[in-house]
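Worksheet for the structure shown next.
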Amino acid sequence: MDDATRDEIANCLDRLAAESRWNGDLWQRCYDLVGANADDELLAYLHDDLIHYTGTPLFRSEPRPDDLKRYSQEFRDFAAALRSRKSLAQFKTQYEW
């Protein structure tokens with residue numbers, strides 16, 4: 001993954017973390033970027049979190065703001081790890097909750 005792509009994904013994650021409401025377009029952009037670069041082990045690990053972030057329970061078309069809050073710090077942590085080029089093992093050691 002080149003530096004520009006790494007930065008774009010990190011910026012997208014930071015923007016997603018800052019959203020107080022569901023932003024489907026931003027989520028889709030981030031999801032597409034991560035999926036296209038999932039050969040990186042850290043992004044492959046993140047991909048699962050992005051899927052669960054949608055949190056669309058039965059009878060609701062989008063997650064509530066409270067459903068999204070718990071992901072904010074996690075996405076910021078992923079963004080920081082990407083910017084500092086951490087491996088998945090380093091990420092888990094430093095950020096694993």
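Before moving on, here are some points about what is shown:
- When you restrict to C-alpha pairs under 8 Å that are six or more residues apart and normalise by the size of the chain, the relative contact order lands at 37 percent.
- Cβ-based net charge around D40, under 12 Å, with every Lys or Arg adding one and every Asp or Glu removing one: 0
- Think of it as helices only: each DSSP H run of n ≥ 4 in the chain is worth -39500 (n - 2.57), and spread over all residues that comes to -23000 deg cm²/dmol at 222 nm.
- Counted by Cβ distance under 10 Å from F75, the other residues give a net charge of -3, where Lys and Arg count +1 and Asp and Glu count -1.
- For segment 3-95, average projected area of the Cα convex hull in nm²: 5.7
Each reported figure results from applying straightforward, stated rules to the coordinates on display, with no laboratory input. These figures come from a predicted structure and were not determined experimentally. With ideal geometry, Cβ positions are generated from the backbone for all residues, glycine too; neighbour counts draw on all protein chains shown.
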